[in-house]
Amino acid sequence: MYNPTKSASTLSLASNESCFSNDYSLDSVCCTKRTLHTFSHMWIIENFSTYLEDPEPIICLSSSLFSPVSGLSVATQWRLVCYPKGNYGASSNYMSIFLEYVKGEKDVKAKAEYALVNRKCELTEIRKDAQFSVYKSGNTRGFINYIKYDTLTLLENDTLNDDKLKIYVRIIIMDDHITEETKYQEFDECNGINFTTKGLEGLVRDFSQLLSNTSDLSDVKITVKQSLHQPSLNDSLSSDNMNIEQTADYSNRFNTRIVQYNAHKLILACRSPVLAAMFTGKTLENNTNTIEINDLKPETIKSMLEYIYTGKVNDIKNSTVELYRCADKYQLEDLRLQAEMALMNSISIDSSAEILLLADQHHSKELKLKVIQFIVQNLKAVTSTEGWHKYVSCVPDLVTEVIQATAQE
């Protein structure tokens, strides 16, 4: 039987539920978070085939100690342990690999990823821990049956480079979770949008547009002169794909490339105390409305302007060394730190000597410690490079520091 009263009640409830679902206003917010710290290490075992041919049934090798360069676990010490012909309990013909938590003030939650680095500098035979484990001081975890050592012999032309086995490990340490105190913020009642974040995104967008359309409103020109060994048609303006308005000129007589950027004094001065000093008083730059730069590449200045206007650099890995010098020169602290972190992650056999000299010249203690640690672990390979003889061997103090660090190991 039809009941109009019951029907009306049902409609009213549905209407109320609809209103409630759209009411998304917040009076306060808190956040629970935990931080993951990642660091990596490479261990090179020379004359690796001799361990496979050794008559001893069980051979144990250990890497030198290594530690994270930053984070709460910076005081912890770790090392890799390798059994080229397998550990006790390993299946026949398998190499075993383990990570040992040597020393630390407390237990840590961590997991590891292992790989071999082949001749092409590619990671192969990647094995990962399935989940985080609690490491107590002295604990060892890894893979008993990591890879058949017969396979290493078969892949000698690819996996072993000059009979060197390169073992790479990446360790992820998990901090304890922290709940921050409650914060009171205003959110959009309809969509829950944080207008502070939305406003910052809009600010970056607008300044990006200002950076790419500076011709009408700019009041300062930045002229960058780059000496060239030979002028190249590939350096022409049309192939540069720059958003910042610029002009380029080449002087065949002096083999010099000249690139010009338009910018705004007020923005430059707000972001860099060095640039601010140029526009204060009767300086040449203030009188001519021109900044001349002869010690940095045009692409580096382009990246610097990108950071000044937007707070970020899209291609920081492409010019890290020079961008670090640029950031230090103009006292752009956040950019310097970004470049420093990128340098720490890009240290290699060929680049380590130049990075060491850079860290010494610009008094970067953390970067210097990191690169010296790398050089000590790869001493023979690094000291054989052209970069070592070009950047370090002629600086006695740096050579002494490397020797002292090697002795401490």
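Structural remarks
- Shape of the range 347-409, Cα gyration tensor, a/c cut at 1.5: rounded
- In this simple spin-label model, placing a label point 7 Å from the Cα along the Cα-to-Cβ direction at both N93 and R127 gives a separation of 1.7 nm.
- Between E105 and D176, the contour length at 0.36 nm per residue exceeds the Cα-Cα span by 24.1 nm.
- Pairwise label distance in nanometres, L61 with L200, each label 7 Å out on the Cα-Cβ vector: 4.7 nm
- Sequence-distant lysines (8 or more away, or on other chains) whose Cα lies within less than 26 Å of K329: K221, K225, K265, K282, K297, K302, K312, K317, K365, K368, K370, K390
- Net length gained if the chain between L36 and C270 were fully extended (0.36 nm per residue, minus Cα distance): 80.8 nm
- Shown for the range 33-178: lysine pairs separated by 8 or more places, or found on different chains, whose C-alpha atoms are under 22 Å apart, numbering 24.
- One chain, two ends: S346 and V69. Fully extended at 0.36 nm per residue, the span grows by 98.3 nm beyond their Cα-Cα distance.
- Cα centroid separation, the range 104-180 to the range 264-288 (Å): 51 Å
Here, each number is a calculation from the coordinates, and none is a lab measurement. The structure displayed is predicted, hence computed values, not measured ones. Positions of Cβ are generated from backbone atoms using ideal geometry, with glycine treated the same way; all protein chains shown enter the neighbour counts.
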